[in-house]
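*Asks:* Have a look at this one.
The values are calculated or read from the model by the stated rules, or taken from the named source; none is laboratory data. As the structure is a prediction and not an experimental result, all values here were calculated from the model. For neighbour counting, all protein chains shown are included, and Cβ atoms are generated from backbone atoms with ideal geometry for every residue, glycine included.
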Amino acid sequence: MAKLPRGKKKTEEPFEFPPDYMADLQNRWLSLLEAGYYLQLSKETLYRRIYAGEIPYHRVGRVYRFRTKELDEWMRGEKR
């Protein structure tokens, strides 16, 4: 891997679901990166919404998980 010039930060590669993944997405648990891709939000925005208590999430140890059904309800404004 090539070294980055000083002062340049490494950016994360965009997350992409495998082609057949979206078909079985109805009631799945998503990681932070998957939830960001699903909602089209950055990781930083998700963290901000988690800390503000604005988005439904579950914490398993140090890891945040999201249910697609709960995220859909939250996006429709039915659940806060």
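*Asks:* Can you tell me which residues in the range 48-71 are in a helix (DSSP H, G or I) and surrounded by 15 or more Cβ atoms within 10 Å (Cβ to Cβ)?
*Replies:* 49, 50, 68, 70, 71
*Asks:* Condition check: among the charged types (D, E, K, R), surrounded by 12 or more Cβ atoms within 10 Å (Cβ to Cβ), over 10 Å from the mean Cα position of the chain (by Cα) and modelled with pLDDT under 90. Does residue 28 satisfy that? Walk me through it before giving the result.
*Replies:* Working: among the charged types (D, E, K, R): yes; surrounded by 12 or more Cβ atoms within 10 Å (Cβ to Cβ): yes; over 10 Å from the mean Cα position of the chain (by Cα): yes; modelled with pLDDT under 90: yes.
When the stated conditions are applied, residue 28 passes them.
*Asks:* Among the numbered criteria (1) surrounded by 13 or more Cβ atoms within 10 Å (Cβ to Cβ); (2) modelled with pLDDT under 90, which single criterion is violated by residue 2?
*Replies:* (1)
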